[in-house]
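Visitor: Sharing a structure here in C-alpha cells format.
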C-alpha cells in the first residue's frame, strides 16, 4: 500500500453573527472583511478562493497545507476579520461580533470544492443583483 499525502486541504468555513444580528453592513464590511481575511491567510501561506459576506454570515473557501490542524484555521481567520471590523467602527468593541463557534468542514474531493465555489459565487451574484435592483427602485 502506497502512502499518498495531499499537499493541501480545502475547507469551507462559515461564521454567523452573534445572535444572528444583521450587523454586517455589506457595502462597508465586505471589502474590509475580505482584505483582512486574505491578508491573514497569506501570512500563514494559505490560499483563499472565495469569500461571501452577508448581513449575518461570513463564508470562506480556502486551502491550507495538509499538516495544518483544522482547529487553527477558523481561529486565525476570524480573529483577524473581527479585529479589522472593530477597528473600523463597524462592530461593537464591547459585544462579540460572531457566535463563538463557527462551522468548518474539510472538503474531501475536488467535486466538493467545485460545488462550494459555485454555490458561494452564485449567492454573491444574487446579492449583487438584489442590491442593484433596490438601488434602481429608490
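The values are calculated or read from the model by the stated rules, or taken from the named source; none is laboratory data. Bear in mind that the values here come from a model prediction, so they are computed numbers and not experimental data. Here the Cβ is made from the backbone with ideal geometry for all residues, glycine too, and neighbour counts use every protein chain on show.
Visitor: Just give me the residues in region 95-114 being modelled with pLDDT of 85 or more, more than 17 Å from the chain's Cα centre (by Cα) and not in a helix (DSSP H, G or I), in sequence order.
Guide: 108, 109
Visitor: Within region 82-94, how many residues are part of a loop (DSSP other than H, G, I, E, B), farther than 14 Å from residue 30 by Cα and under 20 Å from the mean Cα position of the chain (by Cα)?
Guide: Initially, region 82-94 is screened for residues part of a loop (DSSP other than H, G, I, E, B), giving 88-94.
Cutting the leftovers down to farther than 14 Å from residue 30 by Cα gives us 92-94.
If we keep only those that are under 20 Å from the mean Cα position of the chain (by Cα) as well, we get 92.
Here the count works out to 1.
Visitor: While we're on this one: For residue 117, indicate whether it is part of a helix (DSSP H, G or I), at pLDDT 85 or above and either buried (at least 19 other Cβ atoms within 10 Å of the Cβ) or in contact with a strand residue (DSSP E or B) (Cβ under 6 Å, 6 or more places away or on another chain) (or both). Walk me through it before giving the result.
Guide: Working: part of a helix (DSSP H, G or I): yes; at pLDDT 85 or above: yes; either buried (at least 19 other Cβ atoms within 10 Å of the Cβ) or in contact with a strand residue (DSSP E or B) (Cβ under 6 Å, 6 or more places away or on another chain) (or both): yes.
When the stated conditions are applied, residue 117 passes them.
Visitor: Among 125, 77, which is the only one that is at pLDDT 85 or above, loosely packed, with under 12 Cβ neighbours inside 10 Å and either more than 17 Å from the chain's Cα centre (by Cα) or not in a strand (DSSP E or B) (or both)? Working first, answer last.
Guide: Working: 77 fails: loosely packed, with under 12 Cβ neighbours inside 10 Å.
Testing whether each residue is at pLDDT 85 or above, loosely packed, with under 12 Cβ neighbours inside 10 Å and either more than 17 Å from the chain's Cα centre (by Cα) or not in a strand (DSSP E or B) (or both) leaves just 125.
Visitor: Right, here's the next one. Being modelled with pLDDT under 90 and surrounded by 14 or more Cβ atoms within 10 Å (Cβ to Cβ) narrows it down to one residue among 13, 52, 32; which is it?
Guide: Working: 13 fails: modelled with pLDDT under 90; 52 fails: modelled with pLDDT under 90.
Being modelled with pLDDT under 90 and surrounded by 14 or more Cβ atoms within 10 Å (Cβ to Cβ) holds for just one of 13, 52, 32, which is 32.
Visitor: Against the condition within 17 Å of residue 120 (Cβ to Cβ) and in a loop (DSSP other than H, G, I, E, B), how does residue 67 come out, does it pass? So that I can check it myself, show each step before the final result.
Guide: On the way: within 17 Å of residue 120 (Cβ to Cβ): no; in a loop (DSSP other than H, G, I, E, B): yes.
In short, no.
Visitor: Between a residue in region 82-109 that is more than 19 Å from residue 59 (Cα to Cα) and any residue that is at pLDDT below 85 and part of a loop (DSSP other than H, G, I, E, B), which pairs come within a Cβ distance under 7 Å, given they are 6 or more apart or on different chains?
Guide: Listed by first residue and then by second, the contacts come to nothing, as the list is empty.
Visitor: Let me ask you something else. Is it true that residue 41 is modelled with pLDDT under 85, under 23 Å from residue 117 (Cβ atoms) and touching a strand residue (DSSP E or B) at 6+ places or on another chain (Cβ under 9 Å)?
Guide: Values: modelled with pLDDT under 85: no; under 23 Å from residue 117 (Cβ atoms): yes; touching a strand residue (DSSP E or B) at 6+ places or on another chain (Cβ under 9 Å): yes.
So residue 41 fails the test.
Visitor: Looking at region 52-80 only, could you name the residues that are in contact (Cβ under 8 Å) with a residue 60 or more places away in the chain, under 19 Å from residue 39 (Cα atoms) and touching a helix residue (DSSP H, G or I) at 6+ places or on another chain (Cβ under 8 Å)? Give the steps one after another, and end with the answer.
Guide: Initially, region 52-80 is screened for residues in contact (Cβ under 8 Å) with a residue 60 or more places away in the chain, giving 52, 54, 59, 66, 70, 73-74, 77-78.
Still in the list and also under 19 Å from residue 39 (Cα atoms): 52, 59, 70, 73-74, 77-78.
Passing the criteria: 52, 59, 77.
Visitor: Right, another one. Just to be sure I understand, how many residues within region 39-64 are within 13 Å of the chain's Cα centre (by Cα) and assigned to a helix (DSSP H, G or I)?
Guide: 3
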